[in-house]
Structure formats: C-alpha cells, structure tokens
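Sending over a structure as structure tokens; questions will come in a sec.
The values are calculated or read from the model by the stated rules, or taken from the named source; none is laboratory data. Please read these numbers as outputs of a predicted model, since none were measured by experiment. Glycine also receives a Cβ, built like all others from the backbone with ideal geometry; neighbour counts cover every protein chain displayed. Note: areas computed on protein heavy atoms with side chains; ligands, DNA, RNA excluded. Shrake-Rupley method; radii C 1.70, N 1.55, O 1.52, S 1.80 Å.
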Amino acid sequence: MRAARASLLLLQFSSHPSECSSSSFGRIGDVSPHAFRKPSSHRGNGKRYARDVALRLLPRGGQQGGTPTYHGNYVSSSAGEEPKGAVLPAVVQTTSATAAATTTTTTTPAPAPPAVVLSSATSTGSKLANLRERTGPAVVMLGATYLLLKYTGNKGFLGLVFLIQLKMYQESTSVVENYKANSNNNNNNNNGGASLEDDGIGSYELQKWWWFATAVMATTGRKMISDNTSWTMDRMNLITFGMSSVSLLWAVIQLAAIDSPSAEAIYRSYLAKVASCHFSLLFLVGQSSFWIRTVSDYGLVWILFPALLVIVNDTMAYVFGVLVGKRKLIPRLSPKKTVEGFVGAGVSTMAVAAPLLKKMMGGGDGATSSTENLGRHAVILALYVSFVSPFGGFLASATKRAHGAKDFGNFIPGHGGAVDRFDCQVVTAPFVYLYLKNCLSSE
C-alpha cells in the first residue's frame, strides 16, 4: 500500500512540480541530500529504492495555521476537511467522489405504475353510459306519444306533427343564425369594434315565420282547412299562392331600401339566411307533411310502423358500433358511425320488420292488405329505413359540423333537439306515402 502511495506521489511531483508547494511537500532544499543516496541495502532493488525516496520526500510535520498535521496540507487538515489550495491526484479525487456519491445516494423505490386502462374499454364504457342516458327519455317519448294517440286519435297526431315541424324549423335556422352572429362578432373584435357585416333587415324574424306559415299552408294546411271548412281547395290554392307572392315582394322591397356603403355585404348575409330557411322548409317541413297525408289516407299504423323501424335501426346501429365497430363509415361527416354498426342495424331491422308489422296489423287499424303481402311490404320499408333513411342523419351531422354545433338543441335530454331525433324520420315519410299509394292501393 505504501509503495503504491509513493508511486502516486512521484508521478504527481514529476508531472505537476508547480502544484507541489512548500506547504505540501516542503522545500526540496530542506530535504537532506542523503535522502537521494542509494544505500547498499537497496542495490539491485530499484522498486524499494524508489519507495524509500518517496517516503523521505514526505515531511511528517506539515503546518496549517500553526496546527501540526500528520501529512501536512497534502493529505488532510486537523478538522478533517480538504485544505484550501490542495490538489489531490486524479485517482484520489475520483475515489473520493465515488465514495461520497455512494454514501449520500439513497435508493428510493419506484412508484407503482398506474393501472393501464385500454382506450377501447373507456370508449365502450362511455358509449354504454350514453346509451343508458338516451334510453330513459326515449321511453318517456314513446309512452307520451302512445297516450296522445290513444285518447286523441288522428287530431292529436296532426297537432303533434305541427309542433314537431315548428321546433325543427326553429332549431335548424337558429344553428345558422348563431354561427353567423358569432362570426360577425369575431370579425368586429378584430376590426376594433367596427361592424363589418350586418343583415340590416329588421323584419327578418317576421319574414322567417311568414315563410313557415306559407310552407305549412302549401303542404298540408290547405287540405286540412278545405276538409274541415266550407272553403274549397281552389280557394285555398289561391290563398297559398298569394302568401308566396307577398313573401317575394316583401324581400325585394326590403333589399332595395338598403342605403349603406356595405350594401353588398348586407345582401350576402340576408340571402344566406333566406337560403337556410327555405332549405329547412323543403327538407324538414316539406317531407314531414307526408305524415299527415299518410295518416289521412292509410291510417295511423303506417305512421307508427316506419317510426318503430327507424328507432330499431338507430338503436341497433349504436349497439353494434359499441360492441364490434372498428371501421368508420363516413368519418368526415359523422365520425361515430361505423360500417359494422350500419350493416348490423340493417340486418336487425329487416329481421324484426315482418313480425312487427303482422303484430301491429292484428288490431285491424289500416289492415287493407292481405297477410301474405305484409311480409313483402315490411321488408321493402325496412330496406329503405336501413340504407337510405340514415343519410338524413348524415346530412344533419354535416350541417352541425359546418356551423360548429354539437346538437341542434337540448329539447330532448340525451338526444339533443327535435332535428337530432327526427332527421331520419322525415326522410322516411315521403317514401312510405308514395310506396303505399303505388303498391298498397292497387291491392
């Protein structure tokens, strides 16, 4: 051990003589010349001679602040601390650092990793919770509809259809109007509060509902009035055309009366709202009016049967999508719809169609077709409900996505608004009436 220490000291002295100060080694001149003299006992043993020379170079009375130390300032101080200015050999420094790290480092056990929850499991759980949330309001709606139809009959159904049309029109136009209002507010804020675009038509709200009344009159209102009053159908047609003419004159006069530097922007804003209103009237009010025609000509059963098929299809699409859905059907328009859900819902709807229709026709309401043909009618209607009606929902999803809306409203808890609930139903209504008129009537 002493031989190794002596070798380190010789190496330090030969490579860094300037660092070997008098406080560390003492002055070379203070060492006796006899320290370098090779005694006869060392002859032939060079290693032993080098060790003895190194030991003689180490003075044993080094001073630091008047306190003697065993090896002077080079090895240690009286307080056990490393003296200032002392330079230890590289090997000693590395060993000290390693020892300090070893003594001060404590091993802390790693925390237990959190439980791994698969995203698919989380998604499935949330979807099942959403399904439970939607089930309660759906059952309540079906029960209320059943009681209404049981005690009021066709008249109660006509009133229900009018309320649904009113609510769908209000929701669909509000989505567009709210989007344009938010866009205008953002533009105004970016422009320092100055209004960049405003429709400038103060009577727009009144015009909007005038258009609704005209559409209702043109679809089913005129027939209902002529059937229940002394007014003829020709007179009702003339009144309906007059309402449409008033709408045209009103809109053009309003636009011509605008006197503003931003007249073109006002035209764009106003006409965009007019287009959204008339599209809502055509798609929602126009198609849903076939419910009234169907119940008047063929009975209430041909309203309830397609409606139940749509409910079955929508429910089974959700169930199959939750359980086995992997491939997106139309991800850009409706990201939650899957191919598996679409196909599974179609198969399920066709499977229950014929038994359901035969069961409903057993009551005798609207039973104008032979039992042999009921299965064929049921399957044809189920095919349309399964593979065409869902596209009404896809169009509604595109409208919401284009205008930054999650739902058309919160009229029905768990379902959104009336449009969210009846978007597929209104697509089914005209086909049912036209199919019955061409196929059922001939029988």
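Could you grab the pairs with beta carbons closer than 9 Å, sequence gap of 6+ or different chains, first residue in the stretch 391-415 and free of Cβ contacts under 8 Å to residues at least 12 places away in the same chain, second one in a loop (DSSP other than H, G, I, E, B)?
What qualifies is N410/G417.
Does K337 satisfy the criteria of being part of a strand (DSSP E or B), modelled with pLDDT under 95 and open to solvent by 70 Å² or more (accessible area, probe 1.4 Å)? Give the steps one after another, and end with the answer.
Numbers: part of a strand (DSSP E or B): yes; modelled with pLDDT under 95: yes; open to solvent by 70 Å² or more (accessible area, probe 1.4 Å): yes.
Judged against the criteria, K337 is a match.
I would also like to ask the following. Mind checking which residues of the stretch 392-426 are out of contact with any strand residue (DSSP E or B) (no Cβ under 8 Å at 6 or more places or on another chain), open to solvent by 50 Å² or more (accessible area, probe 1.4 Å), farther than 21 Å from S183 by Cβ and in a loop (DSSP other than H, G, I, E, B)?
Answer for the stretch 392-426, where residues must be out of contact with any strand residue (DSSP E or B) (no Cβ under 8 Å at 6 or more places or on another chain), open to solvent by 50 Å² or more (accessible area, probe 1.4 Å), farther than 21 Å from S183 by Cβ and in a loop (DSSP other than H, G, I, E, B): F411, P413.
Another one. Out of A256, A215, which single residue is under 45 Å from the mean Cα position of the chain (by Cα) and within 30 Å of N154 (Cα to Cα)?
Values: A256 fails: within 30 Å of N154 (Cα to Cα).
Result of the check over A256, A215: A215.
On to the next question. Within the stretch 292-313, track down each residue that is open to solvent by less than 50 Å² (accessible area, probe 1.4 Å) and within 28 Å of A405 (Cα to Cα).
Going through the stretch 292-313, the residues open to solvent by less than 50 Å² (accessible area, probe 1.4 Å) turn out to be 292, 294-295, 298-303, 305-307, 309-310, 312-313.
Scanning the stretch 292-313 gives A307, L309, V310, V312, N313.
Can you name the condition, by its number, that G375 falls short on among (1) touching a residue at least 40 places away in the same chain (Cβ under 8 Å); (2) over 30 Å from S172 (Cβ atoms); (3) of a type outside the set (K, R); (4) open to solvent by less than 50 Å² (accessible area, probe 1.4 Å)?
(1)
Out of (1) within 21 Å of K150 (Cα to Cα); (2) in a loop (DSSP other than H, G, I, E, B), the odd one out for R332 is which?
Of (1) within 21 Å of K150 (Cα to Cα); (2) in a loop (DSSP other than H, G, I, E, B), only one is false for R332: (1).
Just to be sure I understand, how many residues within the stretch 431-443 are open to solvent by less than 30 Å² (accessible area, probe 1.4 Å) and closer than 23 Å to A317 by Cα?
1
Another question about this same structure. Criterion first (buried (at least 21 other Cβ atoms within 10 Å of the Cβ) and without any contact (Cβ under 8 Å) to a residue 40 or more places away in the chain) does G325 satisfy it? Lay out the reasoning, then the answer.
On the way: buried (at least 21 other Cβ atoms within 10 Å of the Cβ): yes; without any contact (Cβ under 8 Å) to a residue 40 or more places away in the chain: yes.
Answer is yes for this residue.
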